[in-house]
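The values are calculated or read from the model by the stated rules, or taken from the named source; none is laboratory data. Small disclaimer: the values here were computed from a predicted structure and weren't measured. Using ideal geometry, Cβ is built from the backbone for each residue, glycine included, and neighbour counts are taken over all protein chains shown. Note: accessible area is taken over every heavy atom of the protein model, side chains too, but ligands, DNA and RNA are not part of it. Shrake-Rupley method; radii C 1.70, N 1.55, O 1.52, S 1.80 Å.
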Amino acid sequence: MTALSIEPGRLDALGPTGPYRTRSRSTVPDLAGNPVAELSLVPRLYVQRTMAALHRARTLPPGERDEALARAGRLFATGPVNGLSAEHYQRMVSRVSGMPISVVRAATDAIARSAAEAYGSTRWARPYGAVDDWRDPATREGRALWVRRGDVFAVHAAGNHPAVHTLWLEALALGYRVAVRPSRREPFTPHRLITALREAGFADDQVVFLPADHAVADDIIRGADLAMVYGGEDVTRKYGRHADVLPQGPGRSKILITGEDWAPHLDVVVDSVSAQGGTACVNTTAVFAAGDPRPLAEAVAERLSAIPSLPPADDDAVLPARSLADARAVEKYLFDRVGDAEILLGGDGIVDDLGDGIGVLRPAVMLVDRADASQTGIELSFPCVWVAPWSPGDGVEPLKDTLVLTAITRDGELIDRLMAEPTISNVYIGDQPTHWMAPWVPHDGYLAEFLMRTKGVIRA
Amino acid sequence: MSDAADPVLDCPVDQVPDGEEFIEAAMRWHFDPRTGSPFWLARAKTLDFDPRTDVRTFADLRLFPDVVDEFREVRVEDLVPRGYGSRAEVIGVFESGGTTGPPKRVVTLADWMDRLMHHQNRIMDAHGYPRGADWLSVGPSGPHIFGGLIEQQADRRGGFRFSIDLDPRWVKKLIGDGRLDEADRYAEHLIDQSAHPLRTQDVGILVITPPLLVRLARRDELVALVNEKVRVIVWAGAHLDPDTRVLLRDEVFPNVKIIGNYGSTMIMGAVSERVGLGDDDPCVFDPFSPYITFSVVDPKTRREVPYGERGQVVMNHISKNLLLPNNLERDTALRIQPPPGQLGDAVADVAPLAVFGDERVIEGVY
């Protein structure tokens, strides 16, 4: 393992006139509790002034945005940023979040790719009838012009996975000025990304990094035209009715296998549960299988039990780590809610003590006896899966409220109903892991559906 | 019953009595059956020490129990020392905000107010407050001492006083009920009102709570008016964090002097920011010794923390008017060495006591 500096790093806010270091700071600890960075927390007044500055700022022309995003992505993934190499950055993220280093590396590449493709990705969301510029000859006959719903976009980011920061790049590509409030647990990724964006050509008043306390966080949203907020059920409840706030709530991704022969699909199930350390919203939370689900659940448990417990910095690590106290709290949370489910894997405990106050979260597999068991909605940030029986009589009901549903079935009529179900965001048919993504495929709708609107234009 | 004058307690307003002599005199006054208040005379019976013999120094004030909660229920008549006889000149009954229960009350008498105002006048001169300027107060009036003190100050410095009333209890109720939108509307309503005198009158001194000042700073027109007209912004009534203080001073109101006041109903007054602080100094409040004094303590041991460290603030008010020692406030502050000859501590960077960490969120991946 590369030696890391003992001195805590300094993460300033990145405001409209450059870095801003506050007196009020929060310490970002690694899993063992050692301070790794001092994060400046901005006061409300600074938020107000920053958001006002974003509203006053100009927007880069589309071509320049596209190029600057691609440059920033390359810099983020390969270059030194703020004197920090990509390797050092990745180790830091792994060290504070407990995410396996290989997952952080892959996320770094994903961010670079998303930056390069951000502008192109938005093209997929543009309505067929819309043009980008009123000067387009088509507007002489009357057309839709694709325009922003506002100018300033705010993000309350999450710290569960660095690739959370791929999505808002599309807002920059569309010409929004963007304010990101980082997670206090893992602020390194947005700090590095925004620094890279600035080095690549975005001005200080076009994209800002605003670490802030809870008390001030709402001011960032209030000061923006539109906002995206990551969180759990509470966030969905709080902002669900705000037309100007897009909640990124629970994923609760699921797999449905309607045939009795599950064996050929075991790889997809195991991969969907455990890829990326099970920390993403697109990881599978529940599997529904026709017939007796026990053999499938046992097979999944057997495969997952073979994953070794390794420190997150190990190249071969697959499982996420936490501080021992956090890991124990997750364990207790799970055990308190198992209820009548049968624990096939993890029943003796899901925490492997690595020493130094660090614990690995080992996979958990639970079997429930009916499709509508409420436990199947419990989504935890490690490989943790609920296996349930399903029969055609259960229908779509237990599959609702799902970010990604992989439906391994040939029943076209069932697929029709899944497609029609409004609370299922994505349906993947066949052996496709739930964590599969592509720039041209929406994640939870295209973000641009939220950011843009059409305006009727005709030139007489 | 006659006014039993005490040469130490009644010393001329421009003199500062010796600390220990003063404390001894105050104990004689408040615990002598001829001069003490019915409240303290009754309370003395339950003390396991005799204040008149056992309390001689500042450190001895720690012998007193924290009686501040009893000020919620006591009849105000019983708070006036008998030694004032029938000639007690009452300025007003003031009440605390009611954050922690029913309000606490004090009775403020004219001799104390004169003494406090004499002191504050001197500090205002040293800070360069203009005389004859008009004052605008945006903060609590009603039963709260905030408005009462500003009224006195403006009168004594020869200006007109405009005031916008803030009812802090209503705001706390709205926030407690989760009606944040209404609290927000109410605050906007206050700023709307403050715009009128700022536009039309010669406001030279603006007294305002920090949250309202930050809110006012959202409006470019009002920021311009304040920078153009106002010479001194006085913040009081709530906390101002050091980062916001610097932004206000350097970026929002560069043409205006910004001065903090730290006070409370339960010390029957406020003290002003130390004169002559440098740009990088924390906001230091010196005591008005020996009347309004502070200690910064570890709440578990009630012992002073080392200088420069943060602890909880203990407040004392000792005057002929009132004895309210050893009151543990819901504030924390850095402990600072006071100027020579002052009792207790100076305090800096006062902040609210409640420091809540992020709740541990378990379910979900975010």
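Candidates are the residues of the stretch B:6-64 that are surrounded by 12 or more Cβ atoms within 10 Å (Cβ to Cβ) and of a type in the set (Ser, Thr, Tyr); the one that is farthest from B:Arg75 (Cα to Cα) is B:Thr57. Scanning the stretch B:248-286 for residues that are more than 30 Å from B:Thr100 (Cβ to Cβ) and within 14 Å of another protein chain (Cβ to nearest Cβ) yields B:Arg249, B:Asp250, B:Glu251, B:Val252, B:Phe253, B:Pro254, B:Asp279, B:Asp280, B:Asp281.
Given the options B:Asp69, B:Asp125, name the one that is among the acidic types (Asp, Glu), within 30 Å of B:Asp298 (Cβ to Cβ), open to solvent by 60 Å² or more (accessible area, probe 1.4 Å) and part of a helix (DSSP H, G or I). So the residue among B:Asp69, B:Asp125 that is among the acidic types (Asp, Glu), within 30 Å of B:Asp298 (Cβ to Cβ), open to solvent by 60 Å² or more (accessible area, probe 1.4 Å) and part of a helix (DSSP H, G or I) is B:Asp69.
Of all residues in the stretch B:72-91, count the ones that are open to solvent by 60 Å² or more (accessible area, probe 1.4 Å), assigned to a loop (DSSP other than H, G, I, E, B) and under 20 Å from B:Asp32 (Cβ atoms). Break it down stepwise before answering.
Within the stretch B:72-91, the first condition is being open to solvent by 60 Å² or more (accessible area, probe 1.4 Å), and the residues that meet it are B:73, B:75, B:77, B:82, B:86-87, B:89-91.
The next check asks that each one be assigned to a loop (DSSP other than H, G, I, E, B); those that pass are B:73, B:75, B:89.
This time we only want the ones that are under 20 Å from B:Asp32 (Cβ atoms), so: none.
Of the residues in that region, 0 qualify.
A count restricted to the stretch A:10-46 and to residues that are touching a residue at least 40 places away in the same chain (Cβ under 8 Å) and within 23 Å of A:Gly357 (Cα to Cα) stands at 10. The residue of the stretch A:92-136 that is surrounded by the most Cβ atoms within 10 Å (Cβ to Cβ), among those that are charged (D, E, K, R) and more than 20 Å from A:Trp440 (Cβ to Cβ), is A:Arg95.
When the residues of the stretch B:223-247 are narrowed to those that are closer than 25 Å to B:Gly132 by Cα and within 13 Å of chain A (Cβ to nearest Cβ), which ends up nearest to the chain's Cα centre (by Cα)? Walk me through it before giving the result.
Let us first name the residues in the stretch B:223-247 that are closer than 25 Å to B:Gly132 by Cα, namely B:223-237.
Subsequent filtering for residues that are within 13 Å of chain A (Cβ to nearest Cβ) retains B:223, B:235.
Values: B:Val223: 27, B:Trp235: 11 Å.
Filtering the stretch B:223-247 for residues that are closer than 25 Å to B:Gly132 by Cα and within 13 Å of chain A (Cβ to nearest Cβ), the one nearest to the chain's Cα centre (by Cα) comes out as B:Trp235.
Kindly indicate whether A:Ala313 is part of a loop (DSSP other than H, G, I, E, B), under 22 Å from the mean Cα position of the chain (by Cα), away from every other protein chain (no Cβ under 14 Å) and touching a residue at least 60 places away in the same chain (Cβ under 8 Å). It is true that A:Ala313 is part of a loop (DSSP other than H, G, I, E, B), under 22 Å from the mean Cα position of the chain (by Cα), away from every other protein chain (no Cβ under 14 Å) and touching a residue at least 60 places away in the same chain (Cβ under 8 Å). Taking the criterion of being over 13 Å from the mean Cα position of the chain (by Cα) and either outside any loop (DSSP other than H, G, I, E, B) or surrounded by fewer than 24 Cβ atoms within 10 Å (Cβ to Cβ) (or both), the residues of the stretch B:309-321 that qualify are B:Glu309, B:Arg310, B:Gly311, B:Gln312, B:Ile318.
Summed over the stretch B:176-211, the residues that are part of a helix (DSSP H, G or I) and open to solvent by 10 Å² or more (accessible area, probe 1.4 Å) give a count of 18. If you go through the stretch A:324-357 and keep only what is touching a Gly at 6+ places or on another chain (Cβ under 8 Å) and part of a strand (DSSP E or B), you end up with A:Val351, A:Asp352, A:Asp353.
I'd like the residue in the stretch A:38-87 that is within 23 Å of B:Glu221 (Cα to Cα) and open to solvent by 60 Å² or more (accessible area, probe 1.4 Å) and, out of all such residues, is farthest from the other protein chains (Cβ to nearest Cβ). Before the answer, list the steps.
At the first step, the residues of the stretch A:38-87 found to be within 23 Å of B:Glu221 (Cα to Cα) are A:43-58.
Next, from what is left, pick out any that are open to solvent by 60 Å² or more (accessible area, probe 1.4 Å): A:44, A:49, A:55-56, A:58.
Details: A:Arg44: 6, A:Arg49: 7, A:His55: 12, A:Arg56: 11, A:Arg58: 19 Å.
The qualifying residue farthest from the other protein chains (Cβ to nearest Cβ) is A:Arg58.
Restricting the stretch A:15-37 to residues that are within 11 Å of chain B (Cβ to nearest Cβ) and charged (D, E, K, R) leaves a set whose member that is surrounded by the most Cβ atoms within 10 Å (Cβ to Cβ) is A:Arg25. Please indicate, with yes or no, whether at least one residue in the stretch B:275-284 is in a strand (DSSP E or B) and open to solvent by less than 20 Å² (accessible area, probe 1.4 Å). Yes: the stretch B:275-284 contains one or more residues that are in a strand (DSSP E or B) and open to solvent by less than 20 Å² (accessible area, probe 1.4 Å).
Considering each of A:Thr166, A:Thr139 in turn, give the residue that is more than 14 Å from every other protein chain (Cβ to nearest Cβ) and over 22 Å from A:Leu69 (Cβ atoms). Show your work before the answer.
Working: A:Thr166 fails: over 22 Å from A:Leu69 (Cβ atoms).
Unique residue meeting the criteria: A:Thr139.
Only a single criterion out of (1) open to solvent by less than 50 Å² (accessible area, probe 1.4 Å); (2) in a helix (DSSP H, G or I); (3) on the phi < 0 side of the Ramachandran plot is not satisfied by B:Pro130, namely (2). For the stretch A:425-449, name all the residues that are over 17 Å from the mean Cα position of the chain (by Cα), open to solvent by less than 40 Å² (accessible area, probe 1.4 Å) and not hydroxyl-bearing (Ser, Thr, Tyr). Listed by number, the residues that qualify are A:Val427, A:Gly430. The numbered conditions (1) under 17 Å from B:His317 (Cβ atoms); (2) not in a loop (DSSP other than H, G, I, E, B) are all true for B:Glu21 except (1).
Can you tell me which residue in the stretch A:142-161 is farthest from the chain's Cα centre (by Cα), limited to those that are more than 14 Å from every other protein chain (Cβ to nearest Cβ) and of a type outside the set (A, V, I, L, M, F, W, C)? Talk me through it step by step, then tell me what you get.
Kept after step one, since they are more than 14 Å from every other protein chain (Cβ to nearest Cβ), are these residues of the stretch A:142-161: A:142-154.
Going one step further and asking which of them are of a type outside the set (A, V, I, L, M, F, W, C), we end up with A:142-143, A:148-151.
Values: A:Gly142: 39, A:Arg143: 35, A:Arg148: 23, A:Arg149: 23, A:Gly150: 23, A:Asp151: 23 Å.
So the residue we want is A:Gly142.
Looking only at residues in the stretch B:226-260 that are among the small types (Gly, Ala, Ser) and assigned to a loop (DSSP other than H, G, I, E, B), the one that is most open to solvent (accessible area, probe 1.4 Å) is B:Gly237. Out of A:Val368, A:Val273, A:Val330, report the one residue that is more than 14 Å from every other protein chain (Cβ to nearest Cβ) and either open to solvent by less than 20 Å² (accessible area, probe 1.4 Å) or modelled with pLDDT under 95 (or both). Answer to the check: A:Val368.
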